[in-house]
Amino acid sequence: MRVLVTGGAGFIGSNLVWSLVGAGHEVHVVDDLSTGSLENLHPAANMRTLDVTDSRFIDAVREIAPEVIVHLAAQTSVPVSVREPERDWRINVGGTRAVARAAKACGARKLLSASSAAVYGEPAEIPLRETAQKRPTNPYGSSKLEAERVLAEELRGSGVDFASLRFSNVYGPRQDWRGEGGVVALFSAAMTSGRPPVVLGTGAQTRDFIYVGDVVGAILAALESPVLLAGEGDDGPAYNISTGTETSIDMLVAHLRAATRYGGPVEHGPEREGDIARSALDPSKAREVFGWEARVPLETGLAMTVKWFGRGA
Ligand SMILES: NC(=O)c1ccc[n+]([C@@H]2O[C@H](COP(=O)([O-])OP(=O)(O)OC[C@H]3O[C@@H](n4cnc5c(N)ncnc54)[C@H](O)[C@@H]3O)[C@@H](O)[C@H]2O)c1
């Protein structure tokens, strides 16, 4: 299969590209390297350094002529979205529209687009189903929600099968711990080098942590599924890609202590503005429609992550 992965030099994208190449697919990557890195990229992937919002993007996609597209390129930092909401909107909403139009123009069969738990905001129910109320608490969540709507607007009735995959908190090898990396990456990088993790807020707040290998598995299962549109809701088909399990930050630290053998102190800082208290996403729709469910227990995923972060130690 000829696959185009936007954002393929990033954390989730590079893990996906390694799996796709390993399975014998022809893989093309479009990435502007704003947060991604060439070091992440499988050498067999065909790389084009290009912004998906650039007017040359559509010609590049016509040339590649992919059968399927996985759109992961995005402005992914919540603090950046708060500081520069227009930029966040341009990349996340405008970029998704550009990718959807390119999918139509090149006659792609399917387009999967990365969405996020951030579309829900403060949960009205736990675990959250796809139909739950959506009240994003930051511009990043708003842009991801609008991107889902734009995807449906562009592709409904076009013959391109499509879906938005709402990832919960993804962790694993190749996640960038600098800048706005996820909490697992931050803590793993700190604790494997003997530095204290800094817990913001009480530590009782919960998240739904999912291993990147499981997210890659979900993307592969969705690519193979004959029709994703069958699961269509108001905004087009959306699927939670998650474990459905809540883990507190304090519990995460305890697991990481065991995995890293870090015995030092834990530091505390003020809660981040806009942080939600609890999060867990119900993954049963993905299981029902394309037969996927998360397999990697948190302890196992953390052990693999810690091994990767400790590789230079
Ligand atoms: N990591 C998570 O926990 C998580 C959770 C929910 C949703 N997501 C979504 O999954 C996707 C991948 O996230 P990630 O964690 O791998 O982030 P990442 O920052 O590692 O990857 C994003 C990639 O997109 C590239 N990129 C950014 N803007 C671009 C543009 N305009 N044109 C071309 N390339 C561009 C970056 O260089 C980077 O390689 C994103 O859409 C993100 O919103 C991630």
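Normalise the Debye intensity by I(0) for the range 38-111, one equal point scatterer per Cα, no solvent, then take log10 at q = 0.25, 0.27, 0.28 Å⁻¹ and round to two decimals.
For the range 38-111, the Cα-only Debye profile gives -1.16, -1.23, -1.26.
Can you tell me the order of 113-122, 191-200 when each peptide is scored by its average per-residue count of other Cβ atoms within 10 angstrom, highest first? Walk me through the intermediate numbers first.
Values: 113-122: 24.2, 191-200: 16.9.
Descending mean neighbour count gives 113-122, 191-200.
Take the chain, drop everything but the C-alpha atoms, weight them equally and run the Debye formula without solvent; then report log10 I(q)/I(0) at 0.13 Å⁻¹ to two decimals.
Each listed q corresponds, in turn, to -0.91.
Sum up the charges of everything whose Cβ sits under 10 Å from the Cβ of ARG278, counting Lys and Arg as +1 and Asp and Glu as -1, but leave ARG278 out.
Numbers: positive: ARG207; negative: GLU122, ASP208, GLU246.
My count for the surroundings of ARG278 gives -2.
Determine the relative contact order of the chain: mean sequence separation of Cα pairs under 8 Å and six or more apart, normalised by residue count, in whole percent. Don't skip to the answer; put the middle values down first.
Numbers: 666 pairs, mean separation 54.7, N = 313.
It comes to 17 percent, rounded to a whole number.
Please give me the summed charge of the neighbours of ILE219: other residues whose Cβ is under 13 Å from its Cβ, Lys and Arg +1, Asp and Glu -1.
On the way: positive: LYS110, ARG166; negative: ASP214, GLU224.
Within the 13 Å Cβ shell, the charges total 0.
Sequence gap of 8 or more, or different chains, plus Cα separation below 23 Å: how many lysine pairs satisfy both in the chain? Mind showing how you got there, number by number?
Details: LYS104/LYS144; LYS110/LYS144; LYS110/LYS285; LYS134/LYS144; LYS134/LYS285; LYS144/LYS285.
Pairs that pass both the separation and distance tests number 6.
Assign unit charges at the C-beta atoms only (+1 for Lys and Arg, -1 for Asp and Glu), then state the dipole size of the chain relative to its Cα centre in Debye, rounded to the nearest 20.
The calculation lands at about 480 debye.
If you find the alpha carbon centre of the range 1-62 and of the range 178-217, how far apart are they in angstrom?
So the separation of the two Cα centres works out to 25 Å.
Want the number for ARG56 to VAL198: 0.36 nm per residue separation, take away the alpha-carbon distance, what's left?
Details: separation 142, 0.36 × 142 = 51.12 nm, distance 4.28 nm.
Length gained, ARG56 through VAL198: 46.8 nm.
Based on the mean of other beta carbon atoms within 10 Å per residue, what is the order of 141-151, 301-311, most packed first? Don't skip to the end; give the middle numbers.
On the way: 141-151: 24.1, 301-311: 18.9.
For the peptides 141-151, 301-311, the packing ranking is 141-151, 301-311.
Hey, could you get me the Stokes-Einstein D for the range 116-225, Kirkwood radius over alpha-carbon pairs, 25 °C and 0.890 mPa s, rounded to whole µm² s⁻¹? Write down the numbers at each step before the final one.
Values: Rh = 16.2 Å.
Stokes-Einstein gives a translational diffusion coefficient of 151 µm²/s.
If one puts a single equal scatterer on every Cα of the range 155-198 and applies the Debye formula without solvent, what log₁₀ I(q)/I(0) results at q = 0.22, 0.26, 0.34 Å⁻¹?
Those come out to -0.74, -0.91, -1.20, one per q.
Using unit Cβ charges (K, R positive; D, E negative) and no other charged atoms, how large, in debye to the nearest 20, is the dipole of the range 29-166 about its Cα centre?
320
No lab work stands behind these numbers, since they all come straight from the coordinates. What you are looking at is a predicted structure, and each value in this text was computed from that prediction instead of being measured. Backbone-built Cβ (ideal geometry, glycine too); neighbour counts: all protein chains shown.
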